[in-house]
């Protein structure tokens with residue numbers, strides 16, 4: 001064995017346990033970071049890039065100017081249900097993927 005696996009395999013049980021204890025201690029000291037939950041609001045201001053996409057969509061409705069086409073070649077049998085669950089999970093986890101833009105009474109977003 002080479003590299004890290006080989007070095008870990010070469011440790012005595014006592015040293016391995018000491019290493020694991022130190023890793024657990026370090027993990028406990030490190031604050032868990034994540035995406036902060038935003039306050040619940042009905043709307044948020046658009047970024048400059050979002051405003052640009054919004055204007056382009058208004059000029060060319062349905063053209064999909066903000067779509068980024070991509071293709072992936074899969075090998076083997078596709079488990080459609082598992083793929084659907086995975087994509088739904090990603091959409092549920094990332095609020096931005098559920099965002100939409102509406103014009104206000106003045107016609108602006």
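FYI, it's all coordinate maths here, none of it is from the lab. Here the structure is a predicted model, which is why all the values come from computation and not from measurement. In this analysis, Cβ positions are derived from the backbone assuming ideal geometry, glycine residues included, and neighbour counts consider all displayed protein chains.
Return 90, 65 ranked ascending by Cβ neighbour count within 10 Å, so the fewest neighbours appear first. Show your work: numbers first, answer last.
Working: 90 10, 65 13.
Ascending Cβ contact count within 10 Å gives the list 90, 65.
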Checklist entry - Contour minus end-to-end for residue 46 and residue 80, with contour as 0.36 nm per residue of separation and end-to-end as the Cα-Cα distance? => result 8.8 nm
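When the helices in the chain are scored as -39500 (n - 2.57) per DSSP H run of 4 or longer and the sum is shared across all residues, what 222 nm value do you end up with, to the nearest 500 deg cm²/dmol? Display every interim value, and only then the final one.
Values: 4 runs with 50 residues, N = 109.
Mean residue ellipticity at 222 nm (helix-derived): -14500 deg cm²/dmol.
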Checklist outcome for this item: Placing one equal point scatterer on each C-alpha of segment 13-68 and summing with Debye, one gets log10 I(q)/I(0) at q = 0.27, 0.29 Å⁻¹ equal to -1.03, -1.07
Checklist entry - Computed over the Cα atoms of segment 53-105, what is the ratio Rg over Rh, Rh following Kirkwood? => result 1.10
Checklist entry - If you work out Cα extents along the principal axes in Å from the coordinates, which of (1) 47, 36, 21; (2) 71, 41, 25; (3) 47, 34, 24 do you get? => result (2)
Item to check | Principal-axis tilt of helix 48-59 within the chain, Cα atoms, nearest 10 degrees | outcome: 40
Checklist entry - So what's the angle, to the nearest 10 degrees on a 0 to 90 scale, between helix 13-29 and the longest Cα principal axis of the chain? => result 30
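Would you list 51, 27 from fewest to most Cβ contacts within 10 Å?
Working: 51 14, 27 9.
Placing the least packed residue first, the sequence is 27, 51.
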